[in-house]
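Read the figures in this text as sums done on the coordinates, not as results from a lab. Every value quoted in this text rests on a predicted model; they were computed, and no experiment measured them. Please note: Cβ atoms are built from the backbone with ideal geometry, for glycine as well, and neighbour counts cover all protein chains shown.
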Amino acid sequence: MESTQEGKEKWKGNAKTEVIGAKAEQVWPLLEDFFGLEKWFPTLSTCLPVEGISGKPGCVRFCAGFKTPVDGNDKQTMNWTKQKLLSIDPTHWTFSYSIIDGNVGFHSYVSTLKVQPKEDGCEIEWLYEVEPVEGWRLEHLDSFIGSGLQVMAQRMQVALKIMEEALRAST
């Protein structure tokens, strides 16, 4: 953990998952669509552009509708965040973003997502750091990101397989 200005230790974590049968160059365009996260991330119902052009550093998206591991079943408030793309490197299939506003209590949150080729597909890695979040434990965040990333990979794998089968059938 890294110390913040107030002396608190930052939480750091990462999650990895494989997209079997899909090449990194197939997965990257799905992941780099910064304004299209709701297609892939479970429980996220809305992802809209706020400013800028998707994929250009400085663009901002609004994400809403997700449940977190610490939300009770009786929670009436919709969770939301505004997220800013900090950097993107299509050559190395990586980008970083930060949460700049929201109602889930994340402060100084920064994530980096990477796609890496593997022999039988590719791997997506999600690294993150954030100041400790009131009402959460680091395990909650690890679980939230890890399970979300697994569903994202599964959805991408299915979508790419459907496209491949459709293209094969049309020839």
Any lysines whose Cα falls less than 30 Å from that of residue 56, other than same-chain ones fewer than 8 residues away, would be 10, 12, 16, 23, 39, 67, 82, 84, 114, 118, 161
Relative to the first principal axis of the alpha-carbon coordinates of the chain, what is the inclination of helix 138-169, with its axis defined by its Cα atoms, in degrees from 0 to 90 and to the nearest 10? 20 degrees
Counting GluC sites (Glu not before Pro) as exposed when in a DSSP loop with at most 11 other beta carbons within 10 Å, what is the longest stretch of the chain free of them? 7-118
Going by amide H atoms built from the backbone, whose H comes under 5 Å of the H on residue 22, apart from near neighbours? 122
Treating only Lys and Arg (+1) and Asp and Glu (-1) as charged, each at its beta carbon, one finds that the chain has a dipole about its Cα centre, in Debye to the nearest 20, of 320 debye
Near residue 8, which aspartates and glutamates are there with a Cα under 17 Å away, not counting those fewer than 8 places off in the same chain? 129, 131, 134
